[in-house]
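Structure first, then comments.
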């Protein structure tokens, strides 16, 4: 039987993580599970895709998370006429100094909100690829580093397809998690209506984590323990996605790496210094569903409900380590 550490390591400042979650929950009520997943993505240095119908708080969640961090923040409203230069920046000729100067775009920030990312053309969407995978931007044969930490929070509406461009698999793979917020329950929605919305609560948010503290937390994620039994369990799930008859494209090696790191970060966000099987189960849908392509849906990349159901079946069929 595999043994696990029984206590929370002193190197994990749990109070800082709890403060961040509670700060965001002042604005997004009744969605503690989604907030914990978003915090885990931040700790794992991963990017987040918020996919849901309009009006359930996707943009509000992104703004609440950004305002809870003492970091620079920029928002890009993705539209069909958005150009890569509108994201990355442009080189202009400075008449006063008689030289070319690079004017940086909004991507040079710590937290970038890419609102309705699927409304931009593939050319503009691809401007984010290098930034999300390497945290650098190539401009006229020069590589320019982005601020550290760097987090992309993108939103998209899975229902409306007119005037949209589905994200290709290569870009979906750069998102650590795809999260679904959903409607609040009746009591929470009633309180939200009585309060007149979340704007006042959002404006009142103050940062609870500095850039140095975030980097410290991110560095500690790799120290979260995972036994060989847990790693074998995770790999069995990964291999099952690659060898299933329903699958045209299984989870990549990059997907496996990010899955493991997400499990470590989620354990840390839960106040543990070790990964348990429930962490692996919990993160299957958010981390893996957008990384598989089912044969029956090779030309359809909208709502991910069938992929989520498939991943849940895969996990249910893999024996849990004891």
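Among the residues of region 258-269, none is identified as more than 15 Å from the chain's Cα centre (by Cα) and farther than 12 Å from residue 221 by Cα.
Set side by side, the residues 230, 159, 181, 193 differ, and just one is in contact with a helix residue (DSSP H, G or I) (Cβ under 6 Å, 6 or more places away or on another chain) and either surrounded by fewer than 12 Cβ atoms within 10 Å (Cβ to Cβ) or touching a residue at least 40 places away in the same chain (Cβ under 8 Å) (or both), which is 181.
Please work out if residue 48 is farther than 11 Å from residue 153 by Cβ, modelled with pLDDT of 90 or more and touching a helix residue (DSSP H, G or I) at 6+ places or on another chain (Cβ under 6 Å). When the stated conditions are applied, residue 48 does not pass them. The residue of region 298-322 that is surrounded by the most Cβ atoms within 10 Å (Cβ to Cβ), among those that are in contact with a helix residue (DSSP H, G or I) (Cβ under 7 Å, 6 or more places away or on another chain), outside any helix (DSSP H, G or I) and modelled with pLDDT under 90, is 304. All of (1) within 21 Å of residue 46 (Cα to Cα); (2) surrounded by 20 or more Cβ atoms within 10 Å (Cβ to Cβ) hold for residue 120 with one exception: (1). Given the residues 295, 242, which is the only one that is in contact with a strand residue (DSSP E or B) (Cβ under 6 Å, 6 or more places away or on another chain), at pLDDT below 95 and either surrounded by fewer than 21 Cβ atoms within 10 Å (Cβ to Cβ) or on the phi > 0 side of the Ramachandran plot (or both)? Every option except 295 fails the conditions. For region 136-176, the set of residues classified as at pLDDT 90 or above, over 26 Å from residue 53 (Cβ atoms) and in a loop (DSSP other than H, G, I, E, B) consists of 146, 147, 148, 149, 150, listed by residue number.
Please enumerate the residues belonging to region 185-195 that are part of a loop (DSSP other than H, G, I, E, B) and at pLDDT below 80. Once the filter is applied, which keeps residues that are part of a loop (DSSP other than H, G, I, E, B) and at pLDDT below 80, region 185-195 yields only 195.
The values are calculated or read from the model by the stated rules, or taken from the named source; none is laboratory data. Nothing here was measured: the structure is a model prediction, and the numbers come from that model. Positions of Cβ are backbone-derived with ideal geometry, glycine not excepted, and every protein chain shown enters the neighbour counts.
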